[in-house]
1. For the stretch 88-147 and the stretch 17-42, write down the distance between their C-alpha centroids in whole Å.
2. Add -39500 (n - 2.57) for each DSSP H run of 4 or more in the chain, then divide by its residues: what number comes out at 222 nm, to the nearest 500 deg cm²/dmol?
3. At 0.890 mPa s and 25 °C, plugging the Kirkwood radius over alpha-carbon pairs of the stretch 63-147 into Stokes-Einstein gives what diffusion coefficient in µm²/s?
4. Highest first, please rank the peptides 136-145, 28-37 by the mean number of other Cβ atoms sitting within 10 Å of their residues.
5. Tell me which label goes with the value of log10 I(q)/I(0) by the Debye sum over Cα atoms at q = 0.10, 0.11, 0.21 Å⁻¹ computed from the coordinates here: (1) -0.31, -0.37, -1.44; (2) -0.43, -0.51, -1.37; (3) -0.45, -0.51, -1.24.
6. Compute the helix-to-body angle for 29-59: its Cα long axis versus the longest principal axis of the chain, expressed 0 to 90° and rounded to tens.
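Rule-based calculations on the coordinates, nothing more; no lab input. This is a predicted model, so every value here is computed, not measured. Glycine gets a Cβ as well: all are built from the backbone with ideal geometry, and neighbour counts include every protein chain shown.
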């Protein structure tokens, strides 16, 4: 019997199986991270809608949110002495995109009672998945739906 050194076919197959299992466990990670980012940003937008609503009630003044789809951003502001007073500005980070708004111009307006001037929907998207943030005209309720 000779003293041969080397690897067997069984050892090669075992390594391939282990690499395959590792790849399938690591590969979905970007998809999970992307979905988490979509949820995170939809919660930020909903939170800022509520912020504008609550400030409108507390300060007894009109508050606005302007959305800029081209820049993938929005700002919360109020009018003070005829000029915009910026409250908050947010740039939505990739890979999440501000896809659309149900109104034109893309501005939300909350009255001093906290009610929006009209019902609106903001849509955020990531790789075909969508999150829709709704405001109800009668109640001012802000709600998020995910596809």
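1. 27 Å
2. Details: 2 runs with 49 residues, N = 147.
Roughly -12000 deg cm²/dmol at 222 nm, from the helical runs in the chain.
3. Here the translational diffusion coefficient equals 181 µm²/s.
4. Details: 136-145: 13.5, 28-37: 11.9.
So the peptides 136-145, 28-37, ranked by packing, come out 136-145, 28-37.
5. Of the labelled values, this structure produces (3).
6. Between helix and principal axis, roughly 10 degrees.
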